[in-house]
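Just below is one structure, and these are the notes that go with it.
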Amino acid sequence: MQSMNIFTVFFFSILGHRTLYVGVRMPLVRQAHRHHRNHGQKHRKRDRVKESVSEDQESHDTPSQRVQFILGMEEDEEHVPHDLFTEMDEICVKEGEESEWKETARWLKFEEDVEHGGERWSKPYVATLSLHSLFELRSCIINGIVLLDMCANTIEDIADMILDQQETSSEFDEATRKKVWDILLKNHHHQNEKKKGSILPIVRSFADVAQKKAEPQPSEKNGLTHETTPTDLSKAELHFMKKIPVGAEASNVLVGEVDFLTRPLVAFVRLSPAVLLPGMTEVPLPTRFFFLLLGPIGKGKQYHEIGRSMATLMTDEIFHDVAYKAKDRSDLLAGFDEFLDQVTVLPPGEWDPSIRIEPPKNLPSQEKRKMPGPPGVPNGSVCHEETEDDRGPELQRTGRLFGGLILDVKRKIPWYWSDFKDGLSFQCLASFLFLYCASMSPVITFGGLLGEATDGQISAIESLLGASLTGVVYSLFAGQPLTILGSTGPVLVFEKILFTFCKDYGFSYLSLRSCIGLWTAFLCVVLVATDASSLVCYITRFTEEAFASLICLIFIVESLEKLLKLGRKYPVHMNSDLDQLTLYNCRCSAPQKPNVETLDYWNSHNITSSTVPWPNLTVSQCHEMHGEFTGSACAADGPFTPNVLFWCTILFFATFILSSLLKQFKSSNYFPTKVRSIVGDFAIFITIVIMVLIDYLVGIPSPKLNVPNSFQVCMAVLFSGDVLFFHEEEFTFIVEQKNEHLFYTVQ
């Protein structure tokens, strides 16, 4: 009886409404005016708030205030908001086949589209809507059918309620009504179904419908047209079901173009209670909301965007709650207008709409939209002025001795145990491997470069040991554990200059390096005690970018220089003559002008140049005897293996190209989303493993890093390790703390 009263009130309330073409302004139809109130205008409002609405409700003159009032109303059992799964189906007509509803998109929190070809789902992404489609959707809500808290058990009942609202329209005769009925009862084909199901009958006459209504519904079926069989449930995407919260309900959006309508048919229905409609959604959830948009041929893209706007609107936290609690059309419009107040519009010439925005790691809280704002400020939005206090608490000066260090400890202690516990998750494995490669690669690379620059006094093994010790200690006690320690470009330049200085003036390089390390440690303690790290907040973005670019350029330049050095050690034979191939050799011979070191070696071993069988010596023996290599197959340092330079060049560019392709594989159309995500996360590690295996299988002796088998004391002086310079660490820290890098410290 209650549903009939609501139905009657709504029926009389829409008699004066006009139907509007989507996106096209239509003139008002002259009809007798009923219940006019003089507002100094000639136009009547499309929908009035029910007369039972109190004056307090009418006093809310902004959408935000109206929404706050709606959300503050008492909740009954049927109007408690639930999590929503939204599915959008579009009518699909194929040649020689019956038309059907085909699933094209779905929303749980973010939008997922069926990719071209209908084989798989896209990655979830933030839905981007056109402003025009939002205004058209608002027009649809104003001029379309709105049925709230309607009782329905089947899709036939919903079709009855929608079509009964069009009985007064001259366009909806019996033939049109039957066609709309048939469209609503078409099969629903979901992406996870391998074959077309036949859950709903294809054609059903009015006589069949009347007969079905006359028959009593079996109580054990709960009013459903078909029982949910195990076969039907097996078609559901069980893996996706695990992502849907318990107690969630469904929202169905049906849009499409048909050839028997001359103007759109729009309906928004809220069912009470929610009912399970077999075959309507891809997962067996009870349907709470039902949105229908059918229109004439030629505007399919337009209807698709309106449907996306409606589905996205249902995922908005505020409008979602308003849709559950709305009493009439004006409440829905208030929620819609509040949503529009929060929308951000991007200029068309500055952003490509085809770019899909990745979902954020942390969703912003919407609680401020539920709270009343200060007077005179629309929607509670306060103009924010940047002040010095806007910088993070890590960079604020305390004015106390070791005050910053004390605050860092207080911020880290609550999260200290969770840092270890969260690391046990399998999802962290990709980060571990990536950080391992990201840490090891520069340490080994710059270790080799340091070995060349310092004549082996500091090389890869020392760099590896120093980076390991300092990295572990820093990660355990530092405020930003994501900072990767190790030798970088500025350190390499410093080491070269320092070694050259020691060599020119006869100083011991390692002794002086140890003193510099101790003084650096002392100065760092002084800087920490005086909160000097707060000064980095004055570093400009230009300086940050220049510092980050310097490191990248040093990596690129050093790698190219290394490749050029290989060209000198493994030269390319130019202008080779095949006829001279038999003369192509490299043999050992006595030095023409032996130096003092060579003569001392010969005298200590009681040998002379004439007693050594130079042509019969091996390469290592020739080096030991201080001989010289002569012949067309010799390089500057002696014989070499051909093709090494070209093979290293292939490895160089293949590693870069393969790692780039694997990184981009994450956004490709191949394989399921989980597989693509794993490949993208492990791209660097996979690339290194593949290229090392290829190099091993080919067998060309490309240069390898010389790592000793054991740790030894370097020239009787304790190694001081790689020292973390203050300015370099602070630069790295502030670059990492940028919001676009998604790194967070403890708060």
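The values are calculated or read from the model by the stated rules, or taken from the named source; none is laboratory data. Keep in mind that what you see is a predicted model, and the values were worked out from it rather than measured. Methodologically, a virtual Cβ is constructed for each residue, glycine included, from the backbone with ideal geometry; neighbour enumeration extends over all protein chains shown.
From the set of residues in segment 603-652 that are of a type in the set (A, V, I, L, M) and under 22 Å from Y584 (Cβ atoms), which is surrounded by the most Cβ atoms within 10 Å (Cβ to Cβ)? Please lay out each step first, then the result.
To start, the set of residues in segment 603-652 that are of a type in the set (A, V, I, L, M) comprises 607, 612, 617, 619, 625, 633, 635-636, 644-645, 650-651.
Subsequent filtering for residues that are under 22 Å from Y584 (Cβ atoms) retains 617, 619, 633, 635-636, 644-645.
Details: L617: 17, V619: 13, A633: 16, A635: 13, A636: 9, V644: 18, L645: 20.
So, considering only residues that are of a type in the set (A, V, I, L, M) and under 22 Å from Y584 (Cβ atoms), the one surrounded by the most Cβ atoms within 10 Å (Cβ to Cβ) is L645.
Filter segment 131-163 down to the residues that are outside any helix (DSSP H, G or I) and not charged (D, E, K, R) and list them by number. Spell out how you get there, then give the answer.
As a first pass, look at segment 131-163 and keep what is outside any helix (DSSP H, G or I): 144-154.
Result: G144, I145, V146, L147, L148, M150, C151, A152, N153, T154.
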Give the residue that is farthest from I355 (Cα to Cα), with candidates limited to residues of segment 653-674 that are of a type in the set (A, V, I, L, M) and loosely packed, with under 14 Cβ neighbours inside 10 Å.
-> I657
Among the helices (runs of 4 or more DSSP H) confined wholly to segment 441-541, which include 1 or more residues that are touching an Asp or Glu at 6+ places or on another chain (Cβ under 7 Å) and within 21 Å of I554 (Cα to Cα)?
-> 460-477, 489-505
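Considering each residue of segment 111-130, count those that are assigned to a loop (DSSP other than H, G, I, E, B) and touching a strand residue (DSSP E or B) at 6+ places or on another chain (Cβ under 6 Å), and give that number. Write out each step before concluding.
Restricting attention to segment 111-130, the residues satisfying the condition of being assigned to a loop (DSSP other than H, G, I, E, B) are 115-120, 122-124, 127-130.
If we keep only those that are touching a strand residue (DSSP E or B) at 6+ places or on another chain (Cβ under 6 Å) too, we end up with 122, 124, 127.
Number of matching residues: 3.
State all residues of segment 232-272 that are in a loop (DSSP other than H, G, I, E, B), modelled with pLDDT of 90 or more and either aliphatic (A, V, I, L, M) or farther than 21 Å from M161 by Cα (or both); if no residue qualifies, say none. Spell out how you get there, then give the answer.
Here is the first cut: in segment 232-272, the residues in a loop (DSSP other than H, G, I, E, B) are 236-237, 242-248, 259-264.
Those left that are additionally modelled with pLDDT of 90 or more: 248, 264.
If the condition is that a residue be in a loop (DSSP other than H, G, I, E, B), modelled with pLDDT of 90 or more and either aliphatic (A, V, I, L, M) or farther than 21 Å from M161 by Cα (or both), then A248 is the only one that fits.
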Kindly indicate whether any position in segment 310-329 is part of a helix (DSSP H, G or I), small (G, A, S), over 21 Å from I158 (Cβ atoms) and modelled with pLDDT of 90 or more.
-> no
Just wondering, is there one or more residues in segment 295-308 that are touching a Leu at 6+ places or on another chain (Cβ under 8 Å), outside any helix (DSSP H, G or I) and buried (at least 22 other Cβ atoms within 10 Å of the Cβ)?
-> yes
Where a residue in segment 123-137 is within 19 Å of G335 (Cα to Cα) and its partner, wherever it lies, is at pLDDT 90 or above and assigned to a strand (DSSP E or B), with Cβ under 7 Å and at least six apart = A127/E111
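The rows are residues; the columns are (1) buried (at least 17 other Cβ atoms within 10 Å of the Cβ); (2) at pLDDT 90 or above; (3) assigned by TED's automatic domain parsing to the domain that holds E338.
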{"site": "D76", "(1), (2), (3)": "no, no, no"}
{"site": "E111", "(1), (2), (3)": "yes, yes, yes"}
{"site": "G117", "(1), (2), (3)": "no, no, yes"}
{"site": "R120", "(1), (2), (3)": "no, no, yes"}
{"site": "M150", "(1), (2), (3)": "yes, yes, yes"}
Exclusive hit being under 25 Å from the mean Cα position of the chain (by Cα) and of a type outside the set (F, W, Y), set L265, L294, L313 = L313
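Please determine whether any residue of segment 137-148 is surrounded by 15 or more Cβ atoms within 10 Å (Cβ to Cβ), within 24 Å of the chain's Cα centre (by Cα) and not hydrophobic (A, V, I, L, M, F, W, C).
Initially, segment 137-148 is screened for residues surrounded by 15 or more Cβ atoms within 10 Å (Cβ to Cβ), giving 137-148.
Those still in the list that are within 24 Å of the chain's Cα centre (by Cα) too: none.
Checked segment 137-148: no residue is surrounded by 15 or more Cβ atoms within 10 Å (Cβ to Cβ), within 24 Å of the chain's Cα centre (by Cα) and not hydrophobic (A, V, I, L, M, F, W, C).
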Looking only at segment 83-104, decide whether some residue is of a type in the set (K, R), surrounded by fewer than 21 Cβ atoms within 10 Å (Cβ to Cβ) and over 34 Å from the mean Cα position of the chain (by Cα).
-> yes
If Y696 satisfies every condition in (1) within 30 Å of H239 (Cβ to Cβ); (2) aromatic (F, W, Y); (3) in a helix (DSSP H, G or I) but one, which is the exception?
-> (1)
